[in-house]
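The values are calculated or read from the model by the stated rules, or taken from the named source; none is laboratory data. Here the structure is a predicted model, which is why all the values come from computation and not from measurement. Every residue, glycine as well, gets a Cβ built from its backbone with ideal geometry; the counts of neighbours run over all protein chains shown. Only protein heavy atoms, including side chains, enter the accessible area calculation; ligands, DNA and RNA are left aside. Shrake-Rupley method; radii C 1.70, N 1.55, O 1.52, S 1.80 Å.
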Amino acid sequence: MFGAEFRRFSLERSKPGKFEEFYGLLQHVHKIPNVDVLVGYTDIHGDLLPINNDDNYHKAVSTANPLLRIFIQRKEDADYSAFGTDTMTRKKNVLSNVLRPDNHKKKPHIVISMPQDFRPVSSIIDVDILPETHRRVRLYKYGTDKPLGFYIRDGSSVRVTPHGLEKVPGIFISRLVPGGLAQSTGLLAVNDEVLEVNGIEVSGKSLDQVTDMMIANSRNLIITVRPANQRNNVVRNSRTSGSSGQSTESSLPSSTPNILGNLQGEEESDEEDIIIEDSGEPQQIPKAAPTSESIESLSQIELLHESTQNGFLPSSEMNLNHSAGSISMECEVPEQGRKSLEEDGTIITL
Amino acid sequence: MRRFLRPGHDPVRERLKRDLFQFNKTVEHGFPHQPSALGYSPFLRLMAIGTRSGAIKLYGAPGVEFMGLHEENNTVMQIHFIPDQCQLVTLLDDNSLHLWSLKQQGGASELREEHRFTLKGPPGSPPSATQVTAVLPHSSREVLYLGTESGNIFVVELPSLRVLEGRTISPEAVLQRIPEDNCNRRSCELVEALQEHPKNPDQVLIGYSRGLIVLWDLQNNKATQHFLGSQQLENLYWQRDGSKFISCHYDGSYTQWPVSSDNKQSEPLENTVPYGPFPCKAISKIYWQTTKNGLPYIIFQGGMPRASYGDRHSISVIHGSQQTAFDFTSRVIDFFIIFSSDPAAEFDDPSALVALAEEELVVIDLKSAGWPAVHPPYLASLHCSAITCSHHVSNIPLKLWERIISAGSKQNIHYSSMPWPIDGGTNIAPDPPQRDLLLTGHEDGTVRFWDASGVCLHLLYKLSTVRVFLTDADPNDNMNTLGEDEWPPLRKVLVMELNDEDAEHVVDHAEADLLQDQEGYRWKGHEKLKTRDGPVRFEAGFQPFVLVQCQPPAVVTSLALHSEWKLVAFGTSHGFGLFDHQQKRLVFVKCTLHPSDQLALEGPLSRVKSLKKSLRQSFRRIRRSRVSSRKRRGAAGNASEVQEANAKFDQDALQEMELAPVQRKIEARSAEDSFTGFVRTLYFADTFLRDSSRHCPSLWAGTNGGTVYAFCLRVPPAERRMDEPVRAEQAKEIQLMHRAPVVGILVLDGRSTPLPEPLEVAHDLSKSPDMQGSHQLLVVSEEQFKVFTLPKVSSKLKLKLTALEGCRVRKVTVANFGSCKTDDYSENDLAVLTNLGDIQIISLPFLKLQIRYPCIRKEDVSGIASCVFTKYGQGFYLISPSEFERFSLSTKWLVEPRCIVDMPEVTSNNHVHNKSGTENAARKSRGSGKSPGDCGEEDERKSGRLMEHALLNDEKVLKEIQSTLEGGRGSYAERNSARSPLGHGLSNGGADQPGPAV
C-alpha cells in the first residue's frame, strides 16, 4: 500500500488524556478502526520517537511547540529502524536497534519499541573527506548531564615539511575524566593531538585560546584529532556496505559528507537562549526572521511563533496547500521524506 | 550559502574603512616607569628622562613631548645635550653611546637616533678599559670627552662618533706632568667627573675616583694645576667665573678649591661636612650658584648622617642661614638647577630646582619664600595610590568643566604661582576638539579627575571619599597627609553633588541587603565600613549627600547612574539594586546568586586557579634567571648557602613543573559554576520593553553566568518626582545558553543608533533617539555578540567570537568614527578589546568585523584590564603602574603631540656658564653657534614611537599584578567606575602631588 494521508487536528494541552484514548482518536480520525498501527512523533531535535504508553504520550504532548507531528505506520509494514535520532534527516537508517520489551500491550504478539528519548552521545563524522590518520569526533553535550570530561595540554609533534621533519608545537588531550562523555565514547584518548575545533585549525593558537574555543563550542563540540593509537583507524576501501563498518568505535556514524553543515549548521538549534517574560514560563528564544537556509536539515524545529497558542493546531485540516511561514516548511518535509517512506509503507502525518 | 559571503570584499566599504579607521599609539601619559637618567638643555629649555627599559622622553612647554626608544631596551645611564644643538647623547648600561637629534619634518620636530657607538679598547684589554663613566660634550660641539674606568679619557668626534686616537688623555700622560711623588698609577683609576672651564674651553677639570683632581690644558696637553683630595671623589662643579670649583665626596663632605695659574698644587679653601660630625653618606652631586646678594646657593644630593637618616632620599639647599633638606619618598635619580642662561649675566640667580625621583618629578621654586613646589603640567604621578578603575567621559559641558577647575584650584593653593620653568619648544597641535575627563579610582578611596583633552594629562581635581567613614584619622585633618595608609577597595556607593560652597552636613545613608530572601549564607569577608554619624565638613567641590552600603559588603562590580531620572544602580557579586537618590530611597534589590554558589560568600574574590598558576610559573622563571645570572657574574660576595639551597629548590620546582605540564579542563559552563551571580554590567535605557507602542524607562543587568535581567521602571514626572515612589517590575530574564559572562548591554534605536547618554541629550550635545522605529537589544558576552528584537525578544544576529577565534571580549564600547575625507559622514561601531590584547572594530548593527589591530601584549594582564575606550575611538591603558598609553582608532579624532623645537639664536659668541644634564658642566660657546644641517634635514631612519616596555619580564610589575589579583581587584575592578558621574561627586580638599616634606 502506497501513499500517505495527512490530518490536522487540535488537542487540549493541559488535558491530553490517556494513550489508549488518543490511539482510539487516531483510528477514528483516519477512519481505520481495525488497523493496528505504530505511532511515532518527532521531538524537538527532529528525532522520530515512539508513542506507545501514557508516559511517552504525555512527553510528546508536553514537548509540542506547539505543533506536534505524529507519524502513523501500519504495524505489519512498520520499520522499527525508522525510530531514533537523525531519522528524519537520513535516507538510510542504520540504527543499531537497542530494543526493549514493552509490556503495556493489548496485542497478543510482543511489540518491541524504542527506548524513550534515545539520543546520540557522539559520532565520527566526515570519514570520507579526512585523511585516514585523522578522526573527526562530535560530542553531543546537549541532552546529557554527563560532563565533557577531558583536559588538554601543550606538547610538540613532528610534521613533514618541505625542509624535512620538523618539530612543531601542538595541543594534546592530556586526561580523560572517568565517566565523562569523552571517555565513555571511546573515540578520544590521552595523547591524541587536537588539530581542529569545529572546523577551525588550532595550529598557531595558544592552549588558552584552544580551551576557550572548545568551551565556547561545548554544546556541540567537533574535534578533529590525530589519534595517538593509529591502529583503529578507518580503512578507506573497506567502506562498502553502509557506514556502520567505518569504525569499530563509531556508535552513530553519519554518512553525509556535509562539512560545513556538520561543523556549524546543525548546532544552531541547540544553542537557543531562553527567555522568561514577565515571570512566565521559560521559552526558547525564536529566530527573528526564519530564513530559507535550514530546510535541508530537519533537525530544525518547526515552530509556530505565536506563543499565545496553547494547544495543538486550532483546526484539523490538510496542510499540503499551505504556503506561508513555517507551514510551508512543513509541506516540504513529507515531500522529501516520502521517497524513502513509500518503500516502507504507509506513513500518515497528522 | 550566505555564510560564504565574507565581509570585506566590497571595494566601496574597503575604501570607507580606510577613511574611518587607523590605529596609532599616540602619547604616554603619566610618570615614566623606572626612570634612570635625567638631562637638561638650558639652551633648548628641554628636559630629558631616560628609563630602565631604554626609553628616552623629552619634555618642554606643556604639549611639547618627544619619545624615543633604544632598540636594545637597556637602561639609560646618562643623558647629555650637545651644547647649542638640537642633539643629545645617551649612555646605556651596555656601554653604548647613542646620538639623537630633533629634526623638523613636515612642519613638526621628530626625535631620531642618528648614530650609535660602543667604545672599543685595544685587543686583549679588559672591558673596564673602555667602560664609560663620565661624558663631557665639549662646547666646541665637535668632540665628546669620555672618561672611563681605566682612567683613560677618549676623545670622540661629533657627529660621526669616531675616536680621535691621538687625543686620548691617558693616566700615564697625566702622571708624567704631575711632579708629586705621592701620586701613583692608582690615583688615576676611574674618571669620576669631567667638567669644562666656564670661561676657557681649553681647560678641562678631570676628577679621578680616588680624589685626585687635575686641571688639564687641552691645547698644550699638560696639567695646569692639580688638587689632592683626601676623600673619594663623587662630583665636581665650577663656579660661574671659573675662579673656584667645588668637589663633593663619599664621606659626605664638600670642598672648595681655588684656581690660579701660579701655584701648581693648591690647598682647599674650605672643607665642610654639612651634616657632620657623625659619619655621613656620600654627596653624589653638588651645585654652587652665585646670586646678586652674595649669598650662594649650595645645593647637593645626599650627605645625610648615616645612622639617623641614612635611609632618606634627600636634596639639601643651603642659602645663607636657610637650609632645607627636601626628603623624597623614593630614590633620587638626579636633579638639575635652572638658572640664568644669559651668558652676559654676572650671577647664576637660580630660579628652580628640578628633581627626578623614582616615583615623581618635583620642581621647587627657589625664588619664592619658603621654596614651594611648582605644579607640573605633565608627568603626573598617576600611581600615588594604585589605580583600581578608570572611566572616561567625553564632551564635558563648559559650565561643569569650569566648576571642576575652580574646585580643583582651591585644592592647590599651596603650590607656587611660578610659571612652568621648563618651557622649550612650541606646541603646534590643534586645540582639542572637546573637553574630556579621565577619572581614575584609587586604592586609597580617592577619585582623581584628569584633563584628558590634550597631550598633557593634567590633574584637575581630587575627591576623597574617606571622610564619610570612620577611620583612624580625624576627618577634619588635612587629608593630604593620609598618604600611604591602607584602605580597603572601593566598595560603597556614593552619590555626589557638585557644590561650589563649603558645607557641613550629615551624609544620609541607606543599606541595601542583597540577600533578603536567601537563607543560610554566611559572609566571611571583611565587615562593612563604619560610617561617621556626626556632621562632616566638606570643601567646595563634589560633596556626598547620600551613601548606600551593600550587604554583604562585597566589592561593587558595576555601577550606572541616570542623572535625569535621578537613579543609581549598583551591582556586586551577590546581586544588584536600584536607588532613588532624589527621594533617598531604595527602589528594589535583586539577588542573582545561584543557590549552589557558596563561594561568593567566602569574602573577597578568590581568583581562578589557572591565572595564579601561570603567575607562579612566571615568578619561578624569573627567580631562576636571576639565580643563574647571579652565578654568571661570579659570587658577588654573599652567595650564601641559603641562597644556594633556594636556587636548588627553585630548580627542582621548575623541573617538576616541566614534567607535569599545564593542562586545561574542557567543560561546558553550567549554572552551578562559581560567581555566576556576579553582576558585570548595568544599563539604563528608555525603550520598548513590554509592548511596541509605549516605551518606558528600564534597567538592564548582565551577570557572569550569562543572564540578562530587564526591569521596567516607572519614574514619576518631574512635578511629582518627590511625591510618588519610583516603581520597578521585572519584565524579562534572558539566559544565554553559552553562559558566558555578559560584559555589555546596549539598546539601538529605530535608526540602529545606540541610545545616547541622557546627560548628553540634556545638554544638547547629542541627537535625541529615534522612538519611531523598532528598537533592538545588543548583548555582548565574553564569547558572543547577539542582537535581539524588542519588545518581543527574538534573536536576530550573532557573531561568535570565541568559537571562531579563541579570544574573549574584555572591553567593549560604542565609538563614533568620523571620516577623514568628508566632514558629514560618521558612524557608530563597537570597539572591542580581547583577552589577547587585540582591538577589533565591529560594525553596528550588522556585527561584521571591520578591522583588527594588535595593541597590548596578551601577557600584560594589567594593561588589558586597565583599558578604557572613549566615545570617539580613542583609548587608554596602563603600560606601567604609573603610565597610561593613549591610542587612537580614528583617523579623524587623534590627540598626539605635535610640536616644534627651533634653534634659539645664540646671542653672544662668548656666553658663559650654561650647565646642563648630569655631568655636563660649564661650557663656553664659540663661534656663531649655528652648525649646518641640523634642522630640516631629511632622514629616512624612522624612530619607532612604539613604546612597548617589557613589563612582564619585570619582577616588580608581576608582583604588583599578583597583589592586585589576590586583593580581589582583578579585571573586574575597573567596572567599579561610574557610568556617568557628571554633576555628582564628592568634595575633598588637598593637593595631589605628594610634594617633598620640608
Sort B:275, B:309 by heavy-atom solvent-accessible area, probe 1.4 angstrom, most to least.
B:309, B:275
Hey, rough spin-label estimate for residue B:824 and residue A:35, points 7 angstrom out along Cα→Cβ, what's it come to in nanometres?
7.1 nm
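If you count, for each residue, the other Cβ atoms within 10 Å and average over each peptide, how do B:35-44, B:770-779 line up from highest to lowest?
Details: B:35-44: 24.9, B:770-779: 18.0.
In decreasing order of mean packing, B:35-44, B:770-779 become B:35-44, B:770-779.
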5 angstrom amide H check on residue B:143, placed H, neighbours 5+ away:
B:138, B:158
Could you check the spin-label model distance between residue B:131 and residue A:231? Points 7 Å from the Cα along Cα→Cβ, value in nm.
6.5 nm
Could you give the semi-axes, largest first, of the ellipsoid that matches region B:39-165, computed as the square roots of 5 times the alpha carbon gyration tensor eigenvalues and rounded to whole Å?
26, 16, 12
Using θ = phi - 60° and the Karplus form 6.51 cos²θ - 1.76 cosθ + 1.60, what ³J(HN,Hα) does each residue of region B:368-378 get, whole Hz, x for Gly and Pro?
8, 5, x, 6, x, 7, 9, 6, x, x, 8
On the full set of protein chains, 1.4 Å probe, figure out the accessible area of residue B:216 and give it in Å² to the nearest 10.
0 Å²
Estimated dipole of region B:131-228 in Debye, rounded to 20 [Cβ of Lys and Arg +1, of Asp and Glu -1, Cα centre]
40 debye
Computed label-point distance, nm, for sites residue B:696 and residue B:307 using a 7 Å Cα→Cβ extension:
7.9 nm
May I ask for the distance between the Cα centers of region B:208-270 and region B:375-389, given as a whole number of Å?
42 Å
When the convex hull of the C-alpha atoms of region B:1-90 is computed, what volume per residue in Å³ does it have?
175 Å³
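Can you give the average number of partner chain beta-carbon atoms within 10 Å of each beta-carbon in peptide A:214-223, as a whole number? Walk me through the numbers before you get to the answer.
Numbers: counts 8, 13, 16, 8, 8, 5, 1, 2, 0, 1.
For peptide A:214-223, the averaged partner shielding equals 6.
If packing is taken as the average number of other Cβ atoms within 10 Å across a peptide's residues, how do B:56-67, B:410-421 rank, most packed first?
Working: B:56-67: 22.7, B:410-421: 15.8.
In descending order of packing, they fall as B:56-67, B:410-421.
Within a 10 angstrom radius of each residue's Cβ in B:788-800, how many Cβ atoms of other chains show up on average? Whole number is fine. Each step should come with its number before you reach the end.
On the way: counts 4, 4, 0, 1, 7, 8, 9, 10, 3, 1, 3, 0, 7.
Per residue, the average neighbour count from other chains is 4.
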For an R0 of 45 angstrom, estimate the FRET efficiency from the Cβ-Cβ distance between residue B:727 and residue B:853 and round to the nearest 0.05.
0.50
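Cross-link list B:199/B:292; B:590/B:786; A:31/A:75; B:17/B:786: which exceed 21 angstrom alpha carbon to alpha carbon? Kindly include the intermediate steps, with their values, before the conclusion.
Working: B:199/B:292 19 Å; B:590/B:786 24 Å; A:31/A:75 16 Å; B:17/B:786 23 Å.
In this structure, B:590/B:786; B:17/B:786 lie more than 21 Å apart at Cα.
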Between residue B:230 and residue B:420, what length comes free when the chain is fully extended (0.36 nm per residue of separation minus the Cα-Cα distance, one decimal in nm)?
64.3 nm
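So for B:167, B:141, what's the accessible-area order with a 1.4 Å probe, most first?
On the way: B:167 120, B:141 40 Å².
Output order, biggest surface exposure first: B:167, B:141.
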Using packing as a proxy for protection, rank A:221-230, B:366-375 so that the peptide with the highest average count of other Cβ atoms within 10 Å comes first.
A:221-230, B:366-375
At 1.4 Å probe size, put B:902, B:444, B:431 in order of accessible surface, largest to smallest.
B:431, B:902, B:444
Rounded to the nearest 10 Å², what accessible area does residue B:588 have for a 1.4 Å probe in the complete protein model?
30 Å²
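Strictly greater than 20 Å: what percent of every Cα pair in region B:730-814 meets that?
41 percent
Report the calculated FRET efficiency for residue B:173 and residue B:272 (r = Cβ-Cβ distance, R0 = 30 Å), to the nearest 0.05.
Details: r = 33 Å, r/R0 = 1.10.
Rounded to the nearest 0.05, the efficiency is 0.35.
From the convex hull of the Cα coordinates of region B:131-228, what is the mean projected area in square nanometres? Can you show the working numbers first?
On the way: hull surface 22.7 nm².
Spelled out: convex hull of the Cα atoms, projected over all directions, averaged, 5.7 nm².
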If you count only protein heavy atoms and use a 1.4 Å probe, how large is the accessible surface of residue B:585, to the nearest 10 Å²?
80 Å²
Expressed as a whole number, the average count of other chain Cβ atoms within 10 Å around the Cβ atoms of B:683-693 is 0
Give me the accessible area buried between chains A and B, both sides summed, with a 1.4 Å probe, in Å² rounded to the nearest 100.
3800 Å²
Region B:801-822 and region A:1-57: distance between their alpha carbon centers, rounded to Å
52 Å
